[in-house]
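Report on the structure given below.
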Amino acid sequence: MIATRVARKATLSAVSAVALTAVALFTSGCTGFTDAVHSDTIPTTGAAIQGIVHGGRQPIVGAHVYLYAVGSGGYGAGATSLLNSSVVTNNPGFEGQDGSSNYYVITNGSGSFTITGDYPCTGNPLVYLLASGGNSIDSTGSTDANSATMLAAPLGACSSLSSGTTVTINEVTTAATAIALGQFFITSPTAAPTDNIGTSSTNSVGLTNAFATVNNLVNTSTGVAGATTSPLTGSGGSVTVAPETSKLNTIANILAACVNTTGTIGSPSTNCSNLFSYVKTASGTAPTDTLEAAVYMSLNPTSNNSGGSTTNLAALYTLGQTGTPPFAGVGTQPTDWTVGILYTDGTTSLLDPQNVAADASGNIWVVNHNSTTTGNLTELSPTGSPVLNVSTIGGTSMTALQPRNEAIDTNGNVWIAAATSPGGIFQYNTGTPGSSLVIADSKSPYGIAIDGSNNVFVTHESSSSTYTVYEFLGGNLVASTSEVQYPPYKVGGTTLQQPEYAAIDTSGNVWMTNGSSTSGLYNNIFQMSAFNGGTGGVCTVFPCNVASDSSLAETYTNVPSATGSIPTLNEAWGIAAGPSGVMWTPNTTGLTLTQMTSTTNGTDFGSATSLTAPSYVAVDGAGNVWVSNKSSSPGSVSEFFGTGTSLTTPALGAIMSPISGTTPFNVVGYSHVGIVQAQGITLDPSGNVWVANQTATTGGVFEIVGAGAPTVTPIALALKNGKVGALP
């Protein structure tokens with residue numbers, strides 16, 4: 001941890017000389033979002049930057065301002081100081097070099113600073129500013145009154161800066177940075193955060209998108225909470241951006257209570273000491289500066305400490321009310337520190353969305369199945385800009401089709417199951433934009449899943465006495481329908497009732513849920529092993545009694561080795577794969593979350609205090625499990641430990657989000673007014689959690705910024721690369 005200012009800067013010094021190489025973010029043809037890292041001509045030196053550093057509403061005199069390039073050799077590591085003697089020499093009277101040989105410029109009597117354009121911009125790295133120390137108490141001097149102050153503002157790609165770039169660094173920009181980029185300040189889920197921003201060499205997209213998301217939380221030019229631009233417009237229409245500004249300001253007020261005091265890292269002020277104590281991890285590690293404290297709040301949003309206390313949340317809120325809070329925060333104590341953004345289009349593109357999926361670039365694909373106004377397929381950029389809005393697919397109106405689900409293959413093509421006659425299975429080809437009907441199907445196609453080899457599996461919700469599962473070999477079948485095995489697999493009898501959703505485990509087994517009560521049978525899980533290729537399969541049903549059907553290419557038999565108690569599966573809808581063959585499904589009526597494998601009948605986690613009408617489920621890059629709660633008001637999502645490894649190393653299935661009946665939380669999950677009738681849920685490479693609001697009035701999708709671990713997307717790509725439940 002950081003003990004002194006010199007030591008703190010040592011942790012920020014160059015661990016790697018390699019800066020993050022700029023990458024193109026989005027698929028061709030995307031509009032409405034500026035590609036912040038692309039430049040045909042990458043400058044070798046940067047542009048001049050002007051700015052001001054504030055503590056609350058007061059200028060910070062004598063703050064040391066550093067310019068850093070993010071690291072690319074690992075999460076939370078390798079940030080490189082870009083300022084040099086040439087740069088600071090051109091700022092006469094306002095320059096310096098710390099004990100770790102990192103150069104900085106100093107804010108003047110009004111808290112302002114200037115960085116000349118002599119710093120290196122080679123490789124076009126993402127860059128950010130840090131402001132350390134300074135005096136916000138007495139504007140007449142430059143005494144370093146509080147060395148525990150550390151504030152931040154991300155700038156974006158080096159090439160995006162110009163001579164007109166102006167920046168405000170304050171507690172709001174710091175809070176937004178910590179929330180959007182918190183996962184990129186830690187080297188692993190078990191590590192404490194530092195002041196370094198870095199990513200793996202394989203997740204530059206996730207970090208770039210997270211930088212861009214900051215602009216949906218705060219205007220870095222003014223330091224004021226709120227989206228820089230709203231509405232966002234693109235070829236897919238117009239989307240309104242509504243961040244939770246009051247909650248962001250509340251976090252900023254908590255930081256300001258420390259910043260606007262006198263003290264040092266070794267001997268912090270009372271407010272700073274309290275802040276660091278209230279946000280320390282469950283293992284007992286405490287931060288030593290305000291940026292680290294903000295990151296702690298982002299990574300541990302209920303602020304439980306080593307003693308398991310639930311009072312720290314209330315104590316933090318009270319700390320933020322010290323004196324006259326500088327920013328307009330919430331009027332009552334929140335139940336957690338997660339901050340969200342609501343994206344809506346009240347006319348066409350985001351009404352009544354049922355499911356969401358993320359592609360490899362972090363774009364979000366939404367299926368809307370409203371049958372009275374419009375049904376469509378919508379693509380949003382990682383920051384919510386409407387890239388695409390398709391109302392007709394395969395020559396048929398999507399309003400008539402009522403699409404239910406989508407899945408994305410490793411080539412980025414989107415597969416859609418449309419349930420209503422004339423129904424069918426469709427594909428939107430993103431390489432050569434256009435859509436095709438793969439197979440016309442009036443038996444209510446519903447669940448859809450794609451494995452790492454781009455084999456596509458589709459289930460049917462039809463109330464027919466025979467239930468069919470389709471398999472499409474090789475993914476893209478637009479050019480050659482001869483590869484389709486149709487209909488290859490039928491499950492007869494009354495055991496498999498109206499399969500709703502499908503997912504594939506890390507061994508290639510296909511799992512389907514029954515969300516129906518047809519014939520009085522509730523919610524079975526049906527699993528097929530070696531489902532493709534006709535080499536013989538296994539089904540597991542709780543209870544498993546599907547009769548063999550000699551007319552099929554495969555024979556399904558019981559699994560005598562299954563162990564464990566039969567789980568309580570009551571209206572199991574969504575299903576998702578975790579690492580090591582684990583599967584997770586929420587029970588909408590049973591109010592539990594069930595974990596299963598191919599050889600165990602399952603274990604139930606959660607209860608009515610931690611789940612309310614849970615419907616859909618997703619697994620993040622740390623293996624943790626996210627569940628959407630459909631009936632809670634305001635809406636919410638619940639998070640569970642999925643691997644037993646985290647900052648707190650709790651037991652498998654332990655609840656991470658708030659639970660009702662526990663002071664001061666007394667809610668189910670991370671609760672947000674912007675979540676309404678939560679259904680589909682997914683994560684992206686930045687660790688953002690996206691939820692579909694299935695309402696035909698307001699609709700929209702809600703993003704809980706940076707709440708999860710960065711995740712390999714799409715799911716088919718994670719399966720292909722062995723990255724399910726692992727960081728990109």
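The values are calculated or read from the model by the stated rules, or taken from the named source; none is laboratory data. A quick note: this is a predicted structure, and the numbers were derived from the prediction, not measured. Counting neighbours? That spans all protein chains shown, and the Cβs are built from the backbone with ideal geometry, glycine included.
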Filtering the stretch 45-63 down to residues that are of a type in the set (A, V, I, L, M) and within 24 Å of T324 (Cβ to Cβ) yields I52, V53, I60, V61, A63
Scanning the stretch 234-293 residue by residue, the ones that are closer than 30 Å to L350 by Cβ, in contact with a Gly (Cβ under 7 Å, 6 or more places away or on another chain) and part of a helix (DSSP H, G or I) total 4
Which of (1) modelled with pLDDT of 95 or more; (2) buried (at least 24 other Cβ atoms within 10 Å of the Cβ); (3) touching a strand residue (DSSP E or B) at 6+ places or on another chain (Cβ under 8 Å); (4) under 21 Å from G76 (Cβ atoms) is the odd one out, the single condition L155 does not satisfy? (2)
Return the only residue of T682, T713 being under 14 Å from the mean Cα position of the chain (by Cα) and more than 27 Å from A294 (Cα to Cα). T713
Taking Q677, is it free of Cβ contacts under 8 Å to residues at least 60 places away in the same chain and of a type in the set (S, T, N, Q)? yes
Of the residues G74, G111, only one is at positive phi, under 27 Å from the mean Cα position of the chain (by Cα) and at pLDDT 85 or above; which? G74
Output the number of residues of the stretch 97-107 satisfying the condition of being at pLDDT 80 or above, farther than 11 Å from Y119 by Cβ and either surrounded by fewer than 24 Cβ atoms within 10 Å (Cβ to Cβ) or touching a helix residue (DSSP H, G or I) at 6+ places or on another chain (Cβ under 9 Å) (or both). 7
Only residues that are small (G, A, S) and modelled with pLDDT under 95: list them for the stretch 213-263, please. A227, S230, G234, S235, G236, G237, S238, G263
For the structure I just gave you, tell me whether I137 is within 23 Å of the chain's Cα centre (by Cα) and aliphatic (A, V, I, L, M). no
Please count how many residues of the stretch 278-303 are within 22 Å of T663 (Cα to Cα) and in contact with a helix residue (DSSP H, G or I) (Cβ under 8 Å, 6 or more places away or on another chain). 11
Among what's in the stretch 171-193 and is within 21 Å of S81 (Cα to Cα) and surrounded by fewer than 24 Cβ atoms within 10 Å (Cβ to Cβ), pick the residue that is farthest from the chain's Cα centre (by Cα). T187
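State yes or no: is G133 more than 30 Å from S204 (Cα to Cα) and in contact with a His (Cβ under 7 Å, 6 or more places away or on another chain)? I'd like the intermediate steps shown before the answer.
Numbers: more than 30 Å from S204 (Cα to Cα): yes; in contact with a His (Cβ under 7 Å, 6 or more places away or on another chain): yes.
When the stated conditions are applied, G133 passes them.
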So, first residue within 15 Å of T338 (Cβ to Cβ) in the stretch 167-186, second residue among the small types (G, A, S) and assigned to a loop (DSSP other than H, G, I, E, B), Cβ within less than 7 Å, six or more apart or across chains; the pairs are I179/G706; A180/G706; L181/G706; G182/G706; Q183/G687; Q183/G706; Q183/A709
Given the criterion over 27 Å from T208 (Cβ atoms) and at pLDDT below 50, identify the matching residue among A24, A7. A7
Looking at S598, is it closer than 18 Å to G674 by Cβ and touching a residue at least 60 places away in the same chain (Cβ under 8 Å)? no
